[in-house]
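Shown next, in C-alpha cells, is the structure this report addresses.
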Amino acid sequence: MPPGDAPHRATADELAALDALTGDGSWDLDGRAIALRHLDKVLFPATASTKAVTKRDLVRYYATAGAAAVPFLRDRPVNVQRFPNGVTAAGFWQKQLPGHAPPWVRRWTNPGAKPGDSEVYAVVDDTPTLVWLGTQGVLELNGWTSTAAAPDAPTWALIDIDPGPETAWAEVLLLAQLFRRALDQLDVRAAAKTTGQRGLQVWVPVADGTSFDHTRAWVERLSRLVAAVVPDLVSWRWHVDQRRGRARLDYTQNARNRTLVTPWSPRPRPGAPVSVPVPWDLVDAAAEAGGAPLQFTVADLLAGGAPAVDPLTPLIGLQQTLPDLG
DNA sequence: GTGGACA
DNA sequence: TGTCCACAACGCCTC
DNA sequence: GAGGCG
C-alpha cells in the first residue's frame, strides 16, 4: 500500500462474516485470507467493570481500529508482546517474525543485527497484517520510533511521563500540561496519548534526518526544565527504591530499537485498556475535574467511545526542527 | 500459537 | 505420538 | 565489568 493511502477498515459485511464464524475457519479481510481458530477463547477475563474480551473481540477491534493504528505502524519494524493463552498466562516479547507468517506480511531485515539478534521484523503496512498479529495473541504493539528506510533517524521525539507509586493521576495530568505550555512557548506542535496504564506520553514529530542523540538530549533538557517547576513530583534517581515513589521522565526511550507502545495498541492488562491519543482539551478537562480518569478499553472503542478527535494523526510526518533550549 | 527438539 | 521449550536485549545509570 | 532499569 503506498504511503498516505487510508488503511482498510473492516466493512459491515466483513464484520458480519466474522460474527458468523463458528469453529475454525478462514476470514476474508480486504482480500486477504486470515486463518482463525478458538474465536471464543477469552484473552482478557471479565473484571468488576468490564466484560471478558474474546479472541473474536480482539480480531474485530484490530480490524476496525486498524484504520487509525496502521498510519503509526506503517514502514516501521515492530516489536510485539504475545499472550497466546490470554493475559492471565505468561506472555513473551517477540521481535523475530516467525517463518510461518503469511507471505503477504511485509518483512524487513535489520542490517544492524548482530549474530544471535533478531533479524527479520514484521512491518504492519495494512489492516490484515494487524489482524493476523491478533490471531497470534499479540496484545501489545511497539512500533519503532524510526522507519525501516532510515532506522537511525527517529520521526518522533518521545516524552514519557512515568508515574511512581506515590504519583497521583492529577499530578500526571499537571506534568503533561507543563510540557504542553513549554512546547507552546517554543512553537513546537505535539500531542498526548494515554498509555492505558497510569502514565501519559507526549509525542513530538521531528524532521527527517534528526538523530536519536538529538531527540534524547532534547527531551532530557525539556524534561529537566519542566521538572524544575515541580521538583517535588519528579525524581532523577536511577534506582526505583531511591525515587520515593515519585514520577520519572524517561527520555532514554529515544534510541534505536527502543520503543513505546504504539497509538491504539491494547495493553496486556485486566480490562483490556488501550493507548489512545487525547486532545489537549481533554487533558485540561480531566485536570480541572481534579484528576478525572482518561481511560479507554477495547470494549469502549468497539462501542464507538473514542475521543472525537485524534490529535496525533495530523502530526504524522510533520517536518519539525527542535528549537535550541538555550 | 506454532514449530522444532527430544523421548 | 506426546511433551517440553523458545519466542527481546539497548543505552543509560550506579556500584 | 556487572547488573538494574525501562
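The values are calculated or read from the model by the stated rules, or taken from the named source; none is laboratory data. Remember, it's a predicted structure, so these values are computed and weren't measured experimentally. Every residue, glycine among them, receives a Cβ derived from its backbone with ideal geometry; neighbour counts consider all protein chains shown.
Among the residues making up the stretch A:119-136, those that are polar (S, T, N, Q), within 16 Å of DNA strand B (Cβ to nearest atom) and either more than 14 Å from A:Gln81 (Cβ to Cβ) or out of contact with any strand residue (DSSP E or B) (no Cβ under 8 Å at 6 or more places or on another chain) (or both) are A:Thr129, A:Thr135. Among the numbered conditions (1) of a type in the set (S, T, N, Q); (2) surrounded by fewer than 22 Cβ atoms within 10 Å (Cβ to Cβ); (3) touching a helix residue (DSSP H, G or I) at 6+ places or on another chain (Cβ under 6 Å), the only one that A:Asn254 does not meet is (2). Scanning for something touching a residue at least 24 places away in the same chain (Cβ under 8 Å), more than 16 Å from DNA strand B (Cβ to nearest atom), out of contact with any Ser or Thr (no Cβ under 9 Å at 6 or more places or on another chain) and on the phi > 0 side of the Ramachandran plot, does the stretch A:280-290 turn up at least one residue? Within the stretch A:280-290, one or more residues are touching a residue at least 24 places away in the same chain (Cβ under 8 Å), more than 16 Å from DNA strand B (Cβ to nearest atom), out of contact with any Ser or Thr (no Cβ under 9 Å at 6 or more places or on another chain) and on the phi > 0 side of the Ramachandran plot.
Within the stretch A:270-306, being closer than 30 Å to A:Arg221 by Cβ and in a loop (DSSP other than H, G, I, E, B) holds for A:Ser275, A:Val276, A:Pro279, A:Gly291, A:Leu294. If you filter the stretch A:258-270 down to residues that are more than 16 Å from DNA strand C (Cβ to nearest atom) and at pLDDT 95 or above, you find that the one that is farthest from the chain's Cα centre (by Cα) is A:Pro266. What do you reckon, is A:Ala122 touching a helix residue (DSSP H, G or I) at 6+ places or on another chain (Cβ under 8 Å), more than 13 Å from DNA strand C (Cβ to nearest atom) and not in a loop (DSSP other than H, G, I, E, B)? No, not satisfied. Determine whether A:Ala17 is over 14 Å from A:Leu130 (Cα atoms) and surrounded by 13 or more Cβ atoms within 10 Å (Cβ to Cβ). Here the answer is yes, as A:Ala17 does meet what is asked. The strands (runs of 3 or more DSSP E) found entirely in the stretch A:28-93 that carry 3 or more residues being under 14 Å from A:Val138 (Cα atoms) and under 19 Å from the mean Cα position of the chain (by Cα) are A:78-82. Could you please give the count of residues in the stretch A:211-267 that are assigned to a loop (DSSP other than H, G, I, E, B), farther than 21 Å from A:Lys95 by Cβ and of a type in the set (Phe, Trp, Tyr)? Count: 2. When A:Thr11 is tested against (1) closer than 29 Å to A:Arg76 by Cβ; (2) under 23 Å from the mean Cα position of the chain (by Cα); (3) not hydrophobic (A, V, I, L, M, F, W, C), exactly one condition is not met: (2). List the residue pairs whose Cβ atoms are under 8 Å apart, where the first residue sits in the stretch A:81-96 and is within 20 Å of A:Leu39 (Cα to Cα), the second is near DNA strand C (Cβ under 7 Å from one of its atoms) and of a type outside the set (S, T, N, Q), and the two are 6 or more positions apart or on different chains. Cβ pairs passing all conditions: A:Gln81/A:Phe92; A:Gln81/A:Trp93; A:Arg82/A:Phe92; A:Arg82/A:Trp93. A count restricted to the stretch A:105-122 and to residues that are surrounded by fewer than 14 Cβ atoms within 10 Å (Cβ to Cβ) and not acidic (Asp, Glu) stands at 6. Residues of the stretch A:143-193 that are surrounded by fewer than 17 Cβ atoms within 10 Å (Cβ to Cβ), of a type in the set (Lys, Arg) and in contact with a Pro (Cβ under 9 Å, 6 or more places away or on another chain): A:Arg189 alone. Of the candidates A:Ala255, A:Ala303, A:Ala299, A:Ala285, the single residue that is over 22 Å from the mean Cα position of the chain (by Cα) and of a type in the set (Gly, Ala, Ser) is A:Ala285.
Note on the stretch A:101-119: among residues that are assigned to a loop (DSSP other than H, G, I, E, B) and among the charged types (D, E, K, R), the one that is nearest to A:Pro151 (Cα to Cα) is A:Glu119.
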